[in-house]
Amino acid sequence: MSVVVAIEDVGPCKKQLKVEVPALAVAAEMERVVREYGRRVKIPGFRPGKVPQDVVRRRYQKDIDQEVVERLLPKYWQEAQAESAIDPLAPPEVEEVQDLTPGSPLTFVASVETRPQIQLRNTQDFDLPNPPVDPGTMEIDDTIEDLRKQVAEWLPVERPAAQGDRVEVEVFETRHDGTEGPAQPVAIEIGDKQVWEEMSLALTGLSAGQETTFTHQVEGHAGESGEPAAPHEHRFRVKVQEVRERDLPPLDDAFAAKVNPEWKAFDELRNAVVSRLRSNKENERREQRHKALLDQLRERHPLELPAGVVRQEVEHLVRDYAESMARQGIDPQRAGLDWEQVGQEMAPLAERRVHSRLLLDAIAEADAVTLSEPEFEAALALLARAQNTSTSQLRRSLEENGRLASLRAQLRRDKTVRRLLGEDTEAPSANEIGQIGQTGPTEP
């Protein structure tokens, strides 16, 4: 017996289904819920489990009706979806739920966004960047020099501080009333990007025991209105306690062992640096080619995107942004941001992501790209390792959050991209799997 009464196109990517739950099914579910209520409710004058059904109905009819509807709607939506062969992009929006009437069917209307019709054009010829992946001599030398700086010792010197020196200072901030706050001992490296430029300039040329003052402009915090306050200057006094310089180790086998005890010779260190730089460049090259491919696919296949799916993607991006702020110790609620504006700024990225996913799904279907179970299990294991958890724990977490199917779809899209790029389609790298776990494979 058909449960779909009518299907109507209400937009280029949206269908509306009127669904009817048979009266017998409604009655059977009603009886089941009433019996369950009778077993668990406690009413004075009746023994537990012995409350007459008519008493249960009179006292709890509203709650019973609600529970019957909540049970029937998901089940019969699934039947309607299978019957109509609709592939929805998101859960349905249910409306116009008819009140339950004894002996009558239950009807409701469900609106769902569906995939747009995509006429695939050229999915073969792409103009892709091909930057070199072998690191240059200067890159290698600079990286090794950074390693020398990391393992160098700091030796005290009797001279004025210069670029690259480590200076131990006491910092006194001048309050609004002109008095100074307590001394704050800090150690800074002159010229380091994390150090205020004004402080580096002020300390350059000073020796131990000398002091100076400087000002630093601070951006005003947003008030309750959300408007940022005007920037203002803070005044500081700094007194140099000690100046130290790096004692850079020579480029020899001992230096290599100091960086990594497993390396016994300097050549091993250099080879490892070259390998890491090449790997980084290969990843950058892959991302550039990936982005270029998706850009060209979208340009060749303009689509009217399902607005609800784009809206969900915007919400996902905004939520990720807020969580990123929280991980950095910033309270998103007190950051003074206009979150509606943040969402508007993220809308183009959300549209690109949705557009790319729809196109890749269509190409995967046309080219019969499949993801085998061994491939999925291998990818799941790599992702679990990247997240420092077990495969079983990750699977359980994804299942609980309803994300296992979406991960499988993402991996299939990623495999489709690798096929279009002419890369190995059997196994993504650990780096790619890590990116899938964070942002998805369709927008580098």
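The values are calculated or read from the model by the stated rules, or taken from the named source; none is laboratory data. Note that the structure is predicted; figures quoted are calculated from it, not measured. Heads up, the Cβs are rebuilt from the backbone with ideal geometry, glycines too, and the neighbour counts pull from every protein chain shown.
Within region 1-31, the residues that satisfy the criterion of being in contact (Cβ under 8 Å) with a residue 24 or more places away in the chain, of a type outside the set (Gly, Ala, Ser) and not in a strand (DSSP E or B) are VAL3, PRO12, CYS13, PRO22, VAL26, GLU29, MET30. When you check ARG71 against the structure, is it surrounded by fewer than 18 Cβ atoms within 10 Å (Cβ to Cβ), in contact with an Asp or Glu (Cβ under 8 Å, 6 or more places away or on another chain) and part of a helix (DSSP H, G or I), yes or no? Yes: the conditions hold for ARG71. List the helices (runs of 4 or more DSSP H) inside region 340-422, counting only whole elements, that have at least 3 residues being more than 21 Å from the chain's Cα centre (by Cα). The qualifying helices (runs of 4 or more DSSP H) are 373-386, 404-420. When region 85-115 is filtered for residues that are crowded, with 16+ Cβ neighbours inside 10 Å and either among the hydroxyl-bearing types (Ser, Thr, Tyr) or more than 16 Å from VAL5 (Cα to Cα) (or both), the ones remaining, listed by number, are PRO88, LEU89, PRO92, LEU100, SER111, GLU113, THR114, ARG115. Within region 9-22, restricting attention to residues that are farther than 14 Å from PRO92 by Cβ and at pLDDT 85 or above, the residue that is surrounded by the most Cβ atoms within 10 Å (Cβ to Cβ) is VAL21.
With the requirement that a residue be under 13 Å from ASP165 (Cα atoms) and in contact (Cβ under 8 Å) with a residue 12 or more places away in the chain, what does region 189-198 give you? If you could, list the steps in order and put the result at the bottom.
Applying the first criterion (under 13 Å from ASP165 (Cα atoms)) to region 189-198 yields 189-192, 195.
Result: GLU189, ILE190, GLY191.
Considered as a group, the residues in region 23-41 that are modelled with pLDDT under 85 and out of contact with any helix residue (DSSP H, G or I) (no Cβ under 9 Å at 6 or more places or on another chain) include one that is surrounded by the fewest Cβ atoms within 10 Å (Cβ to Cβ), and that residue is ARG40.
Within region 242-290, the set of residues being of a type in the set (A, V, I, L, M) and over 30 Å from GLY209 (Cβ atoms) comprises LEU251, ALA254, ALA256, ALA257, VAL259, ALA265, LEU269, ALA272, VAL273, VAL274, LEU277. Scanning region 323-364 for residues that are touching a residue at least 60 places away in the same chain (Cβ under 8 Å) and charged (D, E, K, R) yields a total of 5. Find all pairs meeting these conditions: Cβ atoms under 7 angstrom apart; at least six residues apart or on different chains; first residue within region 394-423 and surrounded by fewer than 21 Cβ atoms within 10 Å (Cβ to Cβ); second residue at pLDDT 90 or above and of a type in the set (Gly, Ala, Ser). What qualifies is LEU394/ALA384; ARG412/ALA364.
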